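FYI, it's all coordinate maths here, none of it is from the lab. Just so it is clear, the model here is predicted, and its values are computed rather than measured. All Cβ positions, glycine included, derive from the backbone under ideal geometry; neighbour counts span all protein chains shown.
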Amino acid sequence: MDSLGRNGIFGQAALEHIDSLYGYAMTLTRDTTEAEDLVQETYVRAAGAANRPGHDNLKGWLFVIMRNAWLNQVRHKNSGPHFVDLDAKEGPIDAAQENPHVVYLRNLERKEVREAIESLPDAYREIIVLRDIEGFTYQEIATVLECPAGTVMSRLGRARGKLRKLLSGQQTRTRIRAV
Amino acid sequence: MGGGTATFKNCEDIRGRLTLYLDDELQGEERVTIEAHLSECESCASIFARELSFLNSVRESGPLSVAPPELRARIEEILSEKRTAARVPATEANRSTAGRRRRFGWLVAAAAALLIGILPVVVWRLAHRTTTSPTTRPSSFALMAADTHLRQTRGQLPLEMESASPQDISAWFSNKVNFRVKLPNYQESSGQEKLYTLQGARLVGFQNDYAAYVAYRMGDRPISLVITSESAAKPSGGEEIAARGLVFHYNAIDGLKVLTWSDRGLTYALVSDLDERGQGSCIVCHEGAKDQDFIEPLKPH
């Protein structure tokens with residue numbers, strides 16, 4: 001990381017992650033203004049600490065900074081992070097009861113997958129974004145979330161199970177295609 | 001899949017580790033063992049294929065959001081300030097600082113917009129006495145289009161599909177955006193010499209949804225066409241030019257020529273570094289002789 005602080009290399013390298021950071025900020029805040037503020041605060045903090053050693057994984061480090069900044073904001077608001085009970089009852093979506101053809105056409109669209117991800121409980125959405133959208137390893141996610149890698153695995157499994165249910169219309173599509 | 005307790009146990013073990021395999025969390029012998037099993041066991045291979053398909057659909061749904069150009073500009077400024085002020089000790093990095101920097105950033109951005117967007121056009125109008133309405137700052141759609149063009153040409157925004165076929169690109173967008181993208185092919189239909197080439201396409205974020213981005217090239221000069229619905233973006237700002245019943249908005253942004261307009265429910269932005277107002281880029285959709293009276297008013301007079 002030390003080299004990243006020199007000659008503007010840090011700025012150039014850090015800027016490459018702005019879309020990922022904004023996406024993660026949207027995942028955390030669900031609000032464009034708050035997300036923009038969070039991205040900005042993340043870069044301000046990162047730029048201030050860029051010359052300190054020990055940050056080999058720039059992207060992961062930026063995500064850690066962002067999550068900590070967000071947690072500080074939430075604590076400051078005295079409401080606590082808004083993670084829902086991970087074992088809470090299932091959401092209202094019941095794709096299997098809808099018209100299979102409509103569901104088939106709808107679920108062809110990438111947009112629908114995004115909406116399904118958006119509809120996940122906060123903690124599930126977060127871990128799907130970190131693993132499947134941003135491509136972090138289990139250990140990197142564990143570092144960002146400050147939890148054991150085993151927790152990452154189990155939470156990711158439950159999150160994908162939930163997402164699979166939301167997108168279960170895809171099974172109908174597969175059957176239709178096979179006919 | 002073979003029968004027997006031992007084989008079943010093996011399948012169970014394999015299936016329990018498929019997710020780790022798909023997440024690239026296994027290495028060496030474990031990967032080899034799973035790959036060997038999948039090549040022999042149809043049942044496990046079927047489960048694997050289903051899981052892979054599911055994960056691909058999730059992974060291909062990203063990015064969920066794209067940073068707005070205004071935010072990117074502010075972050076660039078912050079990083080630039082940090083570089084130039086690297087020798088200043090004890091820099092604050094708290095939220096209030098961020099707020100101040102943000103407000104300051106807007107002032108700088110506004111000043112930059114004045115310098116980059118308005119001043120050249122004012123000078124332009126004084127020099128050429130156009131008949132257009134007063135100029136204003138570029139719309140967020142025009143700014144996004146210019147930013148996208150720059151990032152694409154710098155290699156920071158790779159195309160998601162590459163094709164020289166307008167039909168293929170139109171079809172590619174069909175399930176990805178909530179409006180219809182139909183690219184004409186004047187070169188093919190007219191049999192004229194190819195003056196430009198179609199490069200490919202990708203999605204770009206705008207107003208919490210996707211806009212369609214299409215890349216062209218005229219010689220070695222890139223041309224970008226960005227399309228969204230008129231409900232997401234209405235052309236505004238810049239120099240207004242009326243032509244063939246449409247109103248075009250022209251802006252010069254970061255040295256690029258940006259033309260935006262709406263037609264039949266869609267809003268377009270055409271970005272290039274071509275001469276004058278970049279009206280030469282209109283050739284990607286209007287090459288025929290009958291279109292010359294359409295392009296002509298866009299030229300500075």
* At 10 °C and 1.306 mPa s, grab the translational diffusion coefficient of region B:5-59 from Stokes-Einstein with a Kirkwood Rh over Cα pairs, rounded to a whole number in µm² per second. => 139
* **Estimated vicinal HN-Hα couplings, Hz - region B:257-262 in sequence order (Karplus 6.51, -1.76, 1.60; Gly, Pro = x)** => 9, 10, 10, 10, 6, 10
* Asked: For B:51-58, what's the mean count of beta carbons from other chains sitting within 10 Å of each residue's beta carbon?
  -> 5
* Per residue of region A:137-148, in order, report the coupling 6.51 cos²θ - 1.76 cosθ + 1.60 (Karplus, θ = phi - 60°) as ³J(HN,Hα) in whole Hz, putting x for Gly and Pro. => 6, 4, 5, 5, 5, 4, 5, 5, 8, 6, 9, x
* Asked: For region B:24-59 and region B:216-275, what is the separation of their Cα centres, given in Å?
  -> 47
* Structure fact -> A:D56 and A:Q139 label points (each 7 Å along its Cα→Cβ direction) are spaced in nm at 0.8
* Compute the distance in nm between two label points, each set 7 Å from the Cα along the Cα-to-Cβ direction, one at B:Q207 and one at B:A242. => 2.5
* Just list whichever of A:K59/B:K234; A:K111/B:K182; A:K111/A:K162 have alpha carbons separated by over 24 Å in the model shown. => A:K59/B:K234
* Structure fact -> Everything considered on the Cα gyration tensor (a ≥ b ≥ c; rounded for a/c under 1.5, else prolate if a/b is larger than b/c, else oblate), region A:2-76 must be described as prolate
* Asked: Ranking B:L22, A:L62 by Cβ neighbours within 10 Å, fewest first, what do you get?
  -> B:L22, A:L62
